[in-house]
Amino acid sequence: MALKLLVNASLLVIPIGGSLGALFGIDAHRSATGQPPLFTGDGSDGNGGSTGGGGSTGGGSGDSGHTVNNGVTNSMYCQNSYGISPPSDGQLYTLNPNQWGVTSSSEGALCMNITTNNNETYPSKYTAPQFSVTWQYKPGPETQPVHAFPNIMVDGVLPVELGKMSSLNLDLHWTYGVGNTPAETTIESELTAQTLNANVAVDMFFDSDQTIAQNSTTAKYEVMIWFANYGTSTDPIGSQVTSRELNGTSFELYAGTNKATGQNVFTWKATEPTERFVGDIYQLITDLYSLPGDLYPSSEDYLGIFSFGSEAFYSDANVTFWVPELGIDIEKS
Ligand SMILES: *[C@@H]1O[C@H](CO)[C@@H](O)[C@H](O)[C@H]1NC(C)=O
Ligand SMILES: *[C@@H]1O[C@H](CO)[C@@H](O)[C@H](O)[C@H]1NC(C)=O
Ligand SMILES: *[C@@H]1O[C@H](CO)[C@@H](O)[C@H](O)[C@H]1NC(C)=O
Ligand SMILES: *[C@@H]1O[C@H](CO)[C@@H](O)[C@H](O)[C@H]1NC(C)=O
Ligand SMILES: *[C@@H]1O[C@H](CO)[C@@H](O)[C@H](O)[C@H]1NC(C)=O
């Protein structure tokens with residue numbers, strides 16, 4: 001079954017509809033055209049890099065709105081791409097509005113707000129700064145329907161050989177709502193009434209070579225976990241190969257090939273929108289080893305990139321994607 005994967009029809013129309021991979025690839029283009037890299041840290045490969053250190057590259061210049069209250073700073077970033085790496089005494093992260101699909105003919109806007117603690121200390125060692133993204137775009141051309149993948153990326157701990165990881169704990173709470181303010185809870189009918197087309201996803205890249213694993217265009221495998229997908233534009237690549245339950249959430253696994261990059265793409269898609277998830281997603285990686293065929297990653301491959309965000313296609317009204325809680329703990333054995 002795995003060796004004869006059919007690409008589903010909608011993907012022929014929307015070749016990269018189900019893949020976030022191309023998003024990071026534009027770094028190469030940016031560097032070739034003399035623009036600054038999307039991701040600060042090391043910048044040369046589109047990964048946050050292992051030199052995040054003090055992370056002093058972010059937070060300052062570049063924000064378009066800025067308020068400080070009770071030890072907390074809110075900064076707004078509306079640039080197409082801008083890597084923000086807030087200093088932290090724990091796990092480092094880089095955030096980016098990443099409006100990679102926006103062209104001169106695109107209509108709409110996106111701004112990312114990031115809330116950082118001035119004391120650089122968060123509730124746990126793995127807690128990310130809170131962020132929200134308010135956006136609206138009109139539908140793009142069929143050949144390029146995606147406008148942005150605003151996201152947060154793990155810095156400093158990758159690459160890691162899959163077999164040398166013991167757990168990958170994810171603690172996640174997000175909401176999507178219509179309007180310019182964060183919604184307490186996601187009401188799907190309100191989103192579909194505005195024809196929101198977007199997904200909410202973890203995006204990872206693997207390769208047997210640890211350097212290539214950090215390159216989202218050349219890594220052999222892209223593995224995603226979709227916690228929600230709204231609208232008809234967002235379909236996973238390939239066909240369903242299996243399913244599993246993880247701490248109360250049912251996921252279906254889709255496998256296929258990204259025609260644009262030749263990458264093998266795996267998508268664990270939650271059967272229902274899941275705005276809170278706590279669990280060890282390492283099992284969603286190790287499950288892949290034992291599937292039939294040679295298309296699948298093995299324990300000897302490396303995880304080179306880990307990010308979480310929302311792929312923004314279009315919406316009739318402003319929507320706000322809010323991530324009040326996120327912790328990513330990659331444990332090595
Ligand atoms: C990632 O791969 C692309 C495509 O081969 C290449 O152009 C780019 O330079 C690579 N990036 C790095 C840092 O090697
Ligand atoms: C750091 O700042 C945050 C936000 O003001 C606060 O909630 C937290 O208690 C502070 N942590 C420490 C260790 O001071
Ligand atoms: C919609 O969101 C964009 C980007 O955040 C913002 O610039 C714009 O002012 C918002 N539009 C309205 C009508 O509030
Ligand atoms: C984002 O930040 C701007 C500037 O501080 C503020 O006006 C806006 O309300 C914020 N939006 C959200 C969703 O928090
Ligand atoms: C399962 O989810 C619950 C509720 O979010 C959480 O409290 C618990 O720690 C999770 N269990 C595991 C094994 O991760």
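Only the coordinates and a few stated rules stand behind these numbers; no lab work does. Note that the structure is a prediction, hence the values are computed from the model and not measured. Cβ atoms come from the backbone with ideal geometry, glycine included; neighbour counts cover every protein chain shown.
Ordered by the number of other Cβ atoms lying within 10 Å of each residue's own Cβ, fewest first, ILE212, ILE237 fall into the sequence ILE212, ILE237.
Spin-label model, THR121 to LYS332: label points 7 Å out along the Cα-to-beta-carbon direction sit 2.7 nm apart.
In plain terms, the residue of THR286, THR134, THR143 with the fewest other Cβ atoms within 10 Å comes first and the most crowded comes last, giving THR143, THR286, THR134. Annotation: the residues PHE205, PHE251, sorted from fewest to most other C-beta atoms within 10 Å of their own C-beta, follow the order PHE251, PHE205.
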